[in-house]
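Student: Pasting a structure below so you can have a look.
The values are calculated or read from the model by the stated rules, or taken from the named source; none is laboratory data. Note that this is a predicted model, so its numbers are computed, not measured. FYI the Cβ positions are ideal-geometry reconstructions off the backbone, even for glycines, and counts take in every protein chain you see. Ligands, DNA and RNA are excluded from the accessible area calculation, which covers all protein heavy atoms including side chains. Shrake-Rupley method; radii C 1.70, N 1.55, O 1.52, S 1.80 Å.
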Amino acid sequence: MRKCGWFVRELRVEFAAENYLSGGGGGGPGDGGGAGAETGGEEVEALQLSSRWLEVLRTYLELVLCVLVSIRNNRNLQKFSLFGDINVLQQQGSLSNTYLNKVDPDGKKIKQIQQLFEEILSNSRQLKWLSCGFMLEIVTPTSLSSLSNCIANTMEHLSLLDNNIPGHSTLITAVELERFVNLRSLALDFCDFTAEMARVLTDSNHVPLQRLSLLVHNVSVMHKSLDNMPNDEHWKALSRKSAGLRVYIMAFDIKSEDMLKILKPSIPLERIHFDSYITCVSGAIVDLISRQYDKFLTHFILMNDVIDTSGFPDLSDNRNEDPLVLLAWKCTKLSLLAIHGYTVWAHNLIAIARLRGSDLKVLEVTEESIDFDQGELADQDVDPVHNLIEQVSLGLGQPWHAIMDIESLSVFTEPNRHFYREMQTFSEDI
């Protein structure tokens with residue numbers, strides 16, 4: 001970074017917090033192997049955990065500073081992307097005060113990081129792409145004001161994703177968005193994308209928006225309001241402004257009643273990704289998506305991180321037709337379907353493969369999510385697992401098998417990183 005930071009034109013950095021732990025994930029400095037003999041095991045574990053996360057956070061801040069210092073005077077920068085992996089840093093609960101106050105007690109490092117980020121924006125002369133996702137307190141509500149009008153007017157992509165600080169104010173307002181007249185792709189927290197923003201994007205002096213990625217997070221919904229979100233008329237106006245507009249939504253642990261409010265009929269929804277820990281997606285939501293977005297939907301991801309793998313929710317429970325089969329039938333452009341943590345009946349999986357055939361390029365279903373009805377299990381002449389693999393492979397026109405190790409599925413293990421990378425690919429595909 002020190003050698004090339006001052007002149008690079010494109011810079012993408014991902015701060016992978018899980019790699020910062022020394023000793024292959026062992027305890028931090030000062031952890032003693034024999035301490036458990038004198039102290040309760042739980043206390044030792046808590047002490048080691050605290051030391052490890054302090055080390056992670058300290059390294060994280062140092063590396064962010066290193067990157068920002070190296071490009072502070074770069075005027076050639078055209079594409080600037082930062083991903084911060086806050087989700088890993090916050091695995092043990094609220095990070096903001098407990099650990100941050102120990103590592104940066106007077107807040108000097110955080111202030112320096114914020115000032116450097118604003119300095120980079122104010123020094124930029126060619127910036128077209130600015131993307132900042134899940135970084136720890138790097139973007140503030142005043143950061144974008146550092147961009148000159150000339151740069152803001154020519155910016156083509158903007159993504160500001162920072163939902164992890166409860167009560168955090170909006171990072172961009174509709175008034176600020178008025179400067180970004182050449183924006184072709186935008187990624188924001190859903191609660192920050194207001195009806196007024198949608199109106200601004202339909203103004204005649206703005207070029208048609210082509211890609212819109214929205215992150216709906218339960219933390220944001222708890223601390224912010226859905227009252228200001230665009231209604232169906234706003235979405236219709238946006239679609240009239242740009243016939244090519246496509247939307248990508250990721251929903252973290254969102255209640256069904258909130259999703260019903262969010263999923264307006266006129267959203268040109270191309271991709272949707274559900275990631276749940278507590279709140280499961282209902283069959284009614286899948287039915288709604290099948291009905292409303294059949295002309296646009298290409299990607300459907302359904303992840304449920306449940307501890308008890310013996311009782312996955314069944315979307316087809318008490319229904320004549322399975323919602324996932326209906327989705328495959330109605331959404332004729334569906335090319336990717338990934339499922340974990342929901343019961344997928346073997347005969348329905350075969351039906352999905354036959355309905356979409358070779359157009360379904362990716363079908364990822366974990367082994368533990370697949371279930372067989374009693375008739376299939378009772379037939380001793382046929383191995384149900386072998387038959388499933390054979391029939392799905394035939395339907396898709398390519399070899400297929402279930403996902404045996406859920407930890408190998410990055411969409412499950414690293415949902416934030418997956419969404420950020422997919423959002424960038426989605427935004428570039430114009």
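Student: Does LEU183 satisfy the criteria of being of a type outside the set (Val, Ile, Thr), open to solvent by less than 10 Å² (accessible area, probe 1.4 Å), under 18 Å from SER131 (Cβ atoms) and assigned to a strand (DSSP E or B)?
Tutor: Judged against the criteria, LEU183 is not a match.
Student: Which residues, taken from region 186-229, are small (Gly, Ala, Ser), at pLDDT below 90 and either in contact with a His (Cβ under 6 Å, 6 or more places away or on another chain) or open to solvent by 10 Å² or more (accessible area, probe 1.4 Å) (or both)?
Tutor: Matches in region 186-229: SER225 only.
Student: Restricting to region 157-180, and then to whatever is part of a loop (DSSP other than H, G, I, E, B) and at pLDDT 95 or above, can you tell me which residue is farthest from LEU263 (Cα to Cα)?
Tutor: The residue in question is ARG179.
Student: Would you be able to tell me the number of residues in region 248-273 that are within 16 Å of THR194 (Cα to Cα) and out of contact with any helix residue (DSSP H, G or I) (no Cβ under 9 Å at 6 or more places or on another chain)?
Tutor: Count: 1.
Student: Would region 373-387 turn up any residue that is of a type in the set (A, V, I, L, M, F, W, C), without any contact (Cβ under 8 Å) to a residue 24 or more places away in the chain, in contact with a Pro (Cβ under 7 Å, 6 or more places away or on another chain) and more than 20 Å from GLU270 (Cα to Cα)?
Tutor: Taking every residue of region 373-387 in turn, at least one turns out to be of a type in the set (A, V, I, L, M, F, W, C), without any contact (Cβ under 8 Å) to a residue 24 or more places away in the chain, in contact with a Pro (Cβ under 7 Å, 6 or more places away or on another chain) and more than 20 Å from GLU270 (Cα to Cα).
Student: Could you please let me know if LEU215 is in contact (Cβ under 8 Å) with a residue 40 or more places away in the chain, part of a loop (DSSP other than H, G, I, E, B) and not β-branched (Val, Ile, Thr)?
Tutor: no
Student: Of all residues in region 186-230, which are of a type in the set (S, T, N, Q) and in contact with a Lys or Arg (Cβ under 7 Å, 6 or more places away or on another chain)?
Tutor: THR202, GLN210
Student: Quick check on region 132-149. Is at least one of its residues open to solvent by 40 Å² or more (accessible area, probe 1.4 Å), under 16 Å from the mean Cα position of the chain (by Cα) and under 25 Å from ASP253 (Cα atoms)?
Tutor: There is no residue in region 132-149 that is open to solvent by 40 Å² or more (accessible area, probe 1.4 Å), under 16 Å from the mean Cα position of the chain (by Cα) and under 25 Å from ASP253 (Cα atoms).
Student: OK, next. Of the residues that sit in region 248-257 and are free of Cβ contacts under 8 Å to residues at least 40 places away in the same chain and not in a loop (DSSP other than H, G, I, E, B), which one is surrounded by the most Cβ atoms within 10 Å (Cβ to Cβ)?
Tutor: Applying the filter and picking the extreme gives ALA251.
Student: If SER266 passes every condition in (1) in contact (Cβ under 8 Å) with a residue 40 or more places away in the chain; (2) in a loop (DSSP other than H, G, I, E, B) but one, which one does it miss?
Tutor: Failed condition: (1).
Student: Would you mind finding the one in GLU428, GLU376, GLU414 that is under 30 Å from ALA251 (Cα atoms) and either modelled with pLDDT of 95 or more or out of contact with any Asp or Glu (no Cβ under 9 Å at 6 or more places or on another chain) (or both)?
Tutor: Residue meeting the stated conditions: GLU428.
Student: Of these, GLY107, GLY25, GLY34, GLY40, which one is at positive phi, modelled with pLDDT under 60 and not polar (S, T, N, Q)?
Tutor: GLY25
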